[in-house]
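Chemist: Quick one: structure below, then a few questions.
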Number of protein chains: 2
Amino acid sequence: MSDNLPFAPPGTRADLEEGSALSPKFGPDGLVTCVATDAASGDVLMVAHMNAEALAKTIATGHAWYFSRSRGALWRKGETSGHTQRVVEMRIDCDQDAVWIRVEQQGGACHTGRPSCFYRAVPLGKAGTVSLEFRSDRTFDPKKAYPEAT
Amino acid sequence: MSDNLPFAPPGTRADLEEGSALSPKFGPDGLVTCVATDAASGDVLMVAHMNAEALAKTIATGHAWYFSRSRGALWRKGETSGHTQRVVEMRIDCDQDAVWIRVEQQGGACHTGRPSCFYRAVPLGKAGTVSLEFRSDRTFDPKKAYPEAT
């Protein structure tokens, strides 16, 4: 099976940008970037990656599937933790190398126990060293949600 | 100059996830992924990349700088089009390889003339070929905003 199936191979720039064919431009690693936002709040929950199979499964099932670069494996969000993502809407960007999904998040998105992976702010107007500012507490115990993680 | 300056080199997983030091985990290409959302609507405007210099300039100036992979060059958003992004807030994710900026977008974010790069929806519940659905019209003339683009 081609790494790109079941999607059409990327065409010209005009095809990619103005066409109605979904023809994702997977990178050399076979992945596109996926941004998941909370459908209610608009907050960015996580940034992850999808290979063709993860993208096809997400489209077919309406639940978020990803490809873990560190584990080299397909992964259904919530399969360990129960913290699934039901996809309310999926968008693709102009050059079809990034996907945005608006999701209903069960539990929290981040393996550290927070609702979003983006729980620290970077103060602006600084040159040199900056100190991150925590903006959200844990809402679940990551050791219970991910008992196999160390 | 190290590619990572002025940032601390990434430490342990615990340091990355629970520390207050900004120590971005730039990829082999020297880049982190950056998601820009509209501070008012929460819509994802674009997904782009930052090298250490783009990230440092964004933090110092409060305006979005990126690194263009296709042009291999640092780039201040809006330098050609006038469609600048003032950063209202910056967040970094758990493992510090992705940045989220909430911005006030002048004009539109997308070089095709739309407010967001994510102007097409992917219908869900489908297996096999899907047709994209356009969700926004052009709000500016890309030929006027980007006269040098072909």
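Chemist: Looking at the stretch A:51-66, which of the residues that are assigned to a strand (DSSP E or B) and touching a helix residue (DSSP H, G or I) at 6+ places or on another chain (Cβ under 7 Å) is most open to solvent (accessible area, probe 1.4 Å)? Walk me through it before giving the result.
Modeler: So in the stretch A:51-66, the residues assigned to a strand (DSSP E or B) come out as A:63, A:65-66.
In the following step, the residues that additionally are touching a helix residue (DSSP H, G or I) at 6+ places or on another chain (Cβ under 7 Å) were identified as A:65-66.
On the way: A:Trp65: 49, A:Tyr66: 1 Å².
Step by step, filter the stretch A:51-66, then rank; the result is A:Trp65.
Chemist: Right, something else. Among the residues of the stretch B:9-43 satisfying the criterion of being surrounded by fewer than 16 Cβ atoms within 10 Å (Cβ to Cβ) and among the aliphatic types (A, V, I, L, M), which is farthest from A:Ala98 (Cα to Cα)?
Modeler: The initial filter retains those residues of the stretch B:9-43 that are surrounded by fewer than 16 Cβ atoms within 10 Å (Cβ to Cβ), namely B:9, B:11-15, B:18, B:20, B:27-30, B:40-41.
Narrowing further to those that are among the aliphatic types (A, V, I, L, M): B:14, B:40.
On the way: B:Ala14: 29, B:Ala40: 22 Å.
Ranking the candidates gives B:Ala14 first.
Chemist: Out of A:Leu5, A:Leu74, which single residue is in a loop (DSSP other than H, G, I, E, B), among the aliphatic types (A, V, I, L, M), without any contact (Cβ under 8 Å) to a residue 60 or more places away in the chain and touching a helix residue (DSSP H, G or I) at 6+ places or on another chain (Cβ under 9 Å)?
Modeler: The match here is A:Leu5.
Chemist: Kindly indicate the residue of the stretch A:112-128 that is more than 15 Å from the chain's Cα centre (by Cα) and more than 7 Å from every other protein chain (Cβ to nearest Cβ) and also surrounded by the fewest Cβ atoms within 10 Å (Cβ to Cβ) among those meeting that condition.
Modeler: The extreme case among them is A:Pro123.
Chemist: Is one or more of the residues making up the stretch B:104-119 of a type in the set (A, V, I, L, M) and either free of Cβ contacts under 8 Å to residues at least 60 places away in the same chain or over 15 Å from A:Trp100 (Cβ atoms) (or both)?
Modeler: no
Chemist: Counting only residues that are under 20 Å from B:Val122 (Cβ atoms) and β-branched (Val, Ile, Thr), which one in the stretch A:43-88 is farthest from the chain's Cα centre (by Cα)?
Modeler: The extreme case among them is A:Thr61.
Chemist: Restricting to the stretch B:129-150, count the residues that are surrounded by 15 or more Cβ atoms within 10 Å (Cβ to Cβ) and either facing chain A (nearest Cβ under 7 Å) or in contact with a Cys (Cβ under 6 Å, 6 or more places away or on another chain) (or both).
Modeler: The number of residues fulfilling the criteria is 2.
Chemist: I would also like to ask the following. Are any residues in the stretch A:95-111 open to solvent by 10 Å² or more (accessible area, probe 1.4 Å) and more than 11 Å from A:Ala36 (Cα to Cα), and if so, which ones?
Modeler: A:Asp95, A:Asp97, A:Gln106, A:Gly107, A:His111
Okay, residues lined up against (1) within 7 Å of chain A (Cβ to nearest Cβ); (2) among the aliphatic types (A, V, I, L, M):
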residue: B:Ser23; (1), (2): no, no
residue: B:Thr37; (1), (2): yes, no
residue: B:Asn51; (1), (2): no, no
residue: B:Ala54; (1), (2): no, yes
residue: B:Ala64; (1), (2): no, yes
residue: B:Phe67; (1), (2): no, no
residue: B:Gln85; (1), (2): no, no
residue: B:Gln96; (1), (2): no, no
residue: B:Cys110; (1), (2): yes, no
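Chemist: What's the total number of residues in the stretch B:25-35 that are hydrophobic (A, V, I, L, M, F, W, C) and at the interface with chain A (Cβ under 10 Å from one of its Cβ atoms)? Break it down into steps so the answer makes sense when it comes.
Modeler: As a first pass, look at the stretch B:25-35 and keep what is hydrophobic (A, V, I, L, M, F, W, C): B:26, B:31-32, B:34-35.
Then drop every residue that is not at the interface with chain A (Cβ under 10 Å from one of its Cβ atoms), which leaves B:32, B:34-35.
Qualifying residue count for the region: 3.
The values are calculated or read from the model by the stated rules, or taken from the named source; none is laboratory data. Keep in mind that what you see is a predicted model, and the values were worked out from it rather than measured. Every residue, glycine among them, receives a Cβ derived from its backbone with ideal geometry; neighbour counts consider all protein chains shown. Quick note on the areas: whole protein, heavy atoms, side chains included, nothing else; ligands and nucleic acids left out. Shrake-Rupley method; radii C 1.70, N 1.55, O 1.52, S 1.80 Å.
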